[in-house]
Amino acid sequence: MNLKTTLFLTTLFISTVSLAGGYQLQEYSATNAGRAFAGAGIVGDDYSAIAFNPAGMTLKKTGAQLGVMAIDIHSNVHGYLEHETSHAVTKGKRGMIRSLKAIPHGFMQYAFAENWRAGLGLYVPFGLGTYYNKAWFGKTHALNSEIETIDINPSLAWKPFSWLSVGGGAIFERMEARLTNDIGPNGYSDMNADGWGHGWNAGVMIEPAKGTRFGVAYRSKVVQDIKGKHYLKHPNPAIGFKKGISSTKLVDPEHIQFTAYQELGKWGLSAMARWTRWSRFNLLSIDSTALAKVSPLATPSQVDENWRNTWTFSGGVDYHYCKNLTFRTGLAFDQGAVKNAEHRTARVPDTDRWIASVGASYMKNNWQFDLSYFHMFWHKAHVNSKANTTGDTYIKGKYETQINSVGLSVQYHF
């Protein structure tokens, strides 16, 4: 038996699939979601610069922001299992992933001097989750998989010149993960773990002319030592129930982001390009004492992931209809980290996607209300990968996925 848990690194908190390449998330600003995250951190119309580019904190003074992104996911999986040696085919009910999740975020900052800002962000930067119907044909590959992450990000920004701002912060990240799947008739595996990691982020913003801004931001890798429990019920009654400890080391990859923003009267044009080092996710090795009780050779379990580095590109437009009301829209292309069908799994059916979005902001006195909507168009994702559990079957199929999201945030400017 080979319990290859593609889980920890690649399953999550809110969705059937991640909302950016790999298992990266960027859904921690309803304002930026309205323009498909183009110009994130340097537009200056919310407090999420703490996460996207801390140098952009100097564009606003003291204030706070709370928000939530609701994600609705529909995914159908058509296919079958094929035995590795006999090539016998096992069909069953199609796979269906239905999920409605909410991702909260919060930011606050304080202008303690004319050219200095201190801030704090709480948001979800990585994660994904898959929740299948229990009787689907690939249940021995995956049932439920989830990771919950949250970043605590204290930050500082300084504007030494009228045209230059710099900023940076520390990142303290909490991660919790769980994976379940069948392992044959009346057998199951349930693994959960948690841990803390830390890293940092930094950014630079240049404004060579009023209303023209360019930004570069970097987020470091975060190394997670995940430890927890593994409950294993073997389909062979003679082996029975086993309980043990599971552990693995995960690396949330670093990324670098380039942004631009241009004001043109009532209009604002923005752009973003982000590179993420997903090639760090090359091999996943997991230890389980529960597996060792069944077969000493079954642990550590090693999974070849062989992901690739990815790019995300987006462009957005803002229209300031009047002093109190702004409309925006955007379009983005996000490259999937999984290279091909052989490395695409039931736990991470990642592929390329397009994002189309709209949004609006309404301001009244010191309050600002932001609303956004985006639709994610996923390319059809073919899968032809070996089982995570029995090690003797391939799952062969095709994923058809659509994602809709509505975001809402409230800001208060002191």
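The values are calculated or read from the model by the stated rules, or taken from the named source; none is laboratory data. Please read these numbers as outputs of a predicted model, since none were measured by experiment. Note that each Cβ is placed from the backbone with ideal geometry, even for glycine, and that neighbours are counted across all protein chains shown.
When you scan the stretch 188-220, how many residues do you find that are at pLDDT 95 or above and surrounded by 24 or more Cβ atoms within 10 Å (Cβ to Cβ)?
7
Is the stretch 104-111 home to any residue that is touching a helix residue (DSSP H, G or I) at 6+ places or on another chain (Cβ under 8 Å), within 25 Å of Trp267 (Cα to Cα) and of a type outside the set (Ser, Thr, Tyr)?
Scanning the stretch 104-111, I find no residue that is touching a helix residue (DSSP H, G or I) at 6+ places or on another chain (Cβ under 8 Å), within 25 Å of Trp267 (Cα to Cα) and of a type outside the set (Ser, Thr, Tyr), so the answer is no.
Output the residues belonging to the stretch 361-380 that are of a type in the set (A, V, I, L, M, F, W, C) and either surrounded by fewer than 17 Cβ atoms within 10 Å (Cβ to Cβ) or touching an Asp or Glu at 6+ places or on another chain (Cβ under 7 Å) (or both). Give the steps one after another, and end with the answer.
So the first thing to find is which residues in the stretch 361-380 are of a type in the set (A, V, I, L, M, F, W, C), and the list is 363, 367, 369, 371, 374, 376-378.
Trp367, Phe369, Phe377 - these are the residues of the stretch 361-380 that are of a type in the set (A, V, I, L, M, F, W, C) and either surrounded by fewer than 17 Cβ atoms within 10 Å (Cβ to Cβ) or touching an Asp or Glu at 6+ places or on another chain (Cβ under 7 Å) (or both).
Within the stretch 88-96, is even one residue among the β-branched types (Val, Ile, Thr), out of contact with any Ser or Thr (no Cβ under 7 Å at 6 or more places or on another chain) and in contact (Cβ under 8 Å) with a residue 12 or more places away in the chain? Give the derivation first.
Keep residues of the stretch 88-96 that are among the β-branched types (Val, Ile, Thr), which gives 89-90.
Filter once more, keeping what is out of contact with any Ser or Thr (no Cβ under 7 Å at 6 or more places or on another chain): 89-90.
Still in the list and also in contact (Cβ under 8 Å) with a residue 12 or more places away in the chain: 90.
Yes, the stretch 88-96 has at least one match.
Report yes if some residue within the stretch 400-411 is crowded, with 17+ Cβ neighbours inside 10 Å, closer than 25 Å to Ile97 by Cβ, acidic (Asp, Glu) and touching a residue at least 12 places away in the same chain (Cβ under 8 Å); otherwise report no.
no
Among the residues of the stretch 1-57 satisfying the criterion of being at pLDDT 90 or above and among the β-branched types (Val, Ile, Thr), which is nearest to His230 (Cα to Cα)?
Taking the stretch 1-57 and keeping what is at pLDDT 90 or above, we get 28-57.
If we keep only those that are among the β-branched types (Val, Ile, Thr) too, we end up with 31, 42-43, 50.
Working: Thr31: 41, Ile42: 44, Val43: 46, Ile50: 37 Å.
By that ranking, first place goes to Ile50.
Identify, please: which residue in the stretch 312-344 is hydroxyl-bearing (Ser, Thr, Tyr) and surrounded by 16 or more Cβ atoms within 10 Å (Cβ to Cβ) and is, among those, farthest from Ile256 (Cα to Cα)? Walk me through how you get there before you give the answer.
Filtering the stretch 312-344 for residues hydroxyl-bearing (Ser, Thr, Tyr) gives 312, 314, 319, 321, 326, 329.
Pick out the ones that are also surrounded by 16 or more Cβ atoms within 10 Å (Cβ to Cβ) and you get 312, 314, 326, 329.
Working: Thr312: 11, Ser314: 14, Thr326: 29, Thr329: 24 Å.
Among those that are hydroxyl-bearing (Ser, Thr, Tyr) and surrounded by 16 or more Cβ atoms within 10 Å (Cβ to Cβ), it is Thr326.
So the check is Cβ under 7 Å with 6+ separation or different chains; which pairs have a first residue in the stretch 345-360 that's surrounded by 22 or more Cβ atoms within 10 Å (Cβ to Cβ) and a second one that's basic (Lys, Arg)?
That search, which allows pairs on different chains as well, returns Asp350/Arg344; Ser357/Arg35; Gly359/Arg35; Gly359/Arg328.
For the stretch 58-65, indicate whether the set of residues that are crowded, with 24+ Cβ neighbours inside 10 Å, in contact (Cβ under 8 Å) with a residue 40 or more places away in the chain and assigned to a strand (DSSP E or B) is non-empty.
Filtering the stretch 58-65 for residues crowded, with 24+ Cβ neighbours inside 10 Å gives 58, 65.
Next cut, in contact (Cβ under 8 Å) with a residue 40 or more places away in the chain only: 58, 65.
Filter once more, keeping what is assigned to a strand (DSSP E or B): 65.
Yes - at least one qualifying residue is present in the stretch 58-65.
So which residues in the stretch 103-158 are of a type in the set (D, E, K, R) and closer than 25 Å to Asn192 by Cα, if there are any at all? So that I can check it myself, show each step before the final result.
First, pick out the residues of the stretch 103-158 that are of a type in the set (D, E, K, R): 114, 117, 134, 139, 146, 148, 151.
Lys134, Lys139, Glu146, Glu148, Asp151 - these are the residues of the stretch 103-158 that are of a type in the set (D, E, K, R) and closer than 25 Å to Asn192 by Cα.
Of a type in the set (Ser, Thr, Tyr) and touching a strand residue (DSSP E or B) at 6+ places or on another chain (Cβ under 6 Å): which single residue out of Ser162, Ser220 fits that description? Write out each step before concluding.
Details: Ser162 fails: touching a strand residue (DSSP E or B) at 6+ places or on another chain (Cβ under 6 Å).
Being of a type in the set (Ser, Thr, Tyr) and touching a strand residue (DSSP E or B) at 6+ places or on another chain (Cβ under 6 Å) holds for just one of Ser162, Ser220, which is Ser220.
Does the stretch 253-262 contain any residue that is out of contact with any Cys (no Cβ under 9 Å at 6 or more places or on another chain), hydrophobic (A, V, I, L, M, F, W, C), touching a residue at least 60 places away in the same chain (Cβ under 8 Å) and within 26 Å of Gly129 (Cα to Cα)? Write out each step before concluding.
Going through the stretch 253-262, the residues out of contact with any Cys (no Cβ under 9 Å at 6 or more places or on another chain) turn out to be 253-262.
Still in the running and hydrophobic (A, V, I, L, M, F, W, C): 256, 258, 260.
Next, from what is left, pick out any that are touching a residue at least 60 places away in the same chain (Cβ under 8 Å): 260.
So of that shortlist, the ones also within 26 Å of Gly129 (Cα to Cα) come out as none.
Checked against the condition, which is being out of contact with any Cys (no Cβ under 9 Å at 6 or more places or on another chain), hydrophobic (A, V, I, L, M, F, W, C), touching a residue at least 60 places away in the same chain (Cβ under 8 Å) and within 26 Å of Gly129 (Cα to Cα), the stretch 253-262 yields no hits at all.
Name the pairs: first residue in the stretch 376-395 and of a type in the set (Phe, Trp, Tyr), second residue surrounded by fewer than 21 Cβ atoms within 10 Å (Cβ to Cβ) and at pLDDT 85 or above, Cβ to Cβ under 6 Å, at least 6 apart or on different chains?
Every condition considered, the pairs that remain are Phe377/Trp354; Tyr394/Glu82.
Could you list all residues from the stretch 221-275 that are over 25 Å from Ala177 (Cβ atoms), surrounded by 15 or more Cβ atoms within 10 Å (Cβ to Cβ) and not hydrophobic (A, V, I, L, M, F, W, C)?
Gln257, Thr259, Tyr261, Gln262, Glu263, Gly268, Ser270
Quick one: what pairs do we get from the stretch 281-309, first residue farther than 14 Å from Lys249 by Cα and among the basic types (Lys, Arg), second in a helix (DSSP H, G or I) and at pLDDT 70 or above, C-beta under 7 Å, 6+ apart or different chains?
Hits for this filter: Arg308/Trp278; Arg308/Ser279.
Name every residue in the stretch 38-52 that is among the hydroxyl-bearing types (Ser, Thr, Tyr) and over 18 Å from the mean Cα position of the chain (by Cα), in order of residue number. Lay out the reasoning, then the answer.
Residues of the stretch 38-52 that are among the hydroxyl-bearing types (Ser, Thr, Tyr), as a first pass: 47-48.
Selection gives Tyr47 alone.
Restricting the search to the stretch 195-212, which residues are under 30 Å from Lys249 (Cα atoms) and aliphatic (A, V, I, L, M)? Break it down into steps so the answer makes sense when it comes.
Filtering the stretch 195-212 down to residues under 30 Å from Lys249 (Cα atoms) leaves 195-203.
If the condition is that a residue be under 30 Å from Lys249 (Cα atoms) and aliphatic (A, V, I, L, M), then Ala202 is the only one that fits.
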